[in-house]
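Okay, structure first, notes after.
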Amino acid sequence: MKIHDNILKLKNITPLSKLILGLIHDTPPVVLKFAGGYDNTCGDIGIILGTTRKLILQEFWVLEELNLITSKVGYRSRTTNITQHFKDLLKAVEMDTDREPGNRNILIVN
């Protein structure tokens with residue numbers, strides 16, 4: 001999974017939230033378009049990130065309150081999309097970091 005360094009530079013969210021956003025942001029746009037969004041449940045994300053479903057669910061609530069994601073819960077399913085506010089926030093961070101040398105992606109291997 002690749003996490004864009006601008007996600008890592010966000011200051012008002014926890015490290016677990018940054019991992020969740022990185023996981024969603026790393027999903028190819030074609031997959032997001034045909035699936036209607038990121039379609040893993042909190043339990044699935046917990047398994048991928050090595051934590052519990054409860055912690056992931058709490059982070060999802062915080063991310064929704066911060067208007068960084070939207071999430072629709074169905075029967076044993078969840079569809080999550082990033083919001084325009086999140087995209088704008090990444091662009092704002094990117095504009096601040098354009099002045100800094102060494103702007104690159106960070107690779108995390110599971």
query: Distance in nm between label sites at LYS91 and ASP39, each 7 Å beyond Cα in the beta-carbon direction?
result: 2.9 nm
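Within region 1-100, which trypsin sites (Lys or Arg not before Pro) sit in a loop by DSSP and count at most 11 neighbouring Cβ atoms inside 10 Å? Could you put the intermediate results ahead of the total?
Values: sites: LYS2, LYS9, LYS11, LYS18, LYS33, ARG53, LYS54, LYS72, ARG76, ARG78, LYS87, LYS91, ARG99; in loops: LYS9, LYS11, ARG76, ARG99.
Taking region 1-100 and a limit of 11 other Cβ atoms within 10 Å, the loop trypsin sites (Lys or Arg not before Pro) found are LYS11, ARG76, ARG99.
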query: So how tilted is helix 84-97 from the main axis of the chain? Cα-based, degrees 0 to 90, rounded to 10.
result: 30 degrees
message: Quick check: the angle from helix 53-65's long axis to the longest principal axis of the chain, C-alpha only, nearest 10 degrees?
response: 60 degrees
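Relative contact order of the chain, please, whole-number percent, based on alpha carbon pairs below 8 angstrom and at least 6 residues apart. Before the final figure, lay out each step's value.
Values: 121 pairs, mean separation 37.5, N = 110.
Over the chain, the number comes to 34 percent.
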- prompt: Reachable lysines from LYS54, Cα under 19 Å, same-chain residues fewer than 8 places away excluded?
  reply: LYS18, LYS72
- prompt: Under 17 Å Cα-Cα from LYS11, which lysines qualify once same-chain neighbours fewer than 8 residues away are excluded?
  reply: LYS87, LYS91
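Since every read-out is calculated from the coordinates, none of them should be taken as a lab result. Not measured: the values here are computed from a predicted model. Note that we place each Cβ from the backbone using ideal geometry, even for glycine, and neighbour counts take in every protein chain shown.
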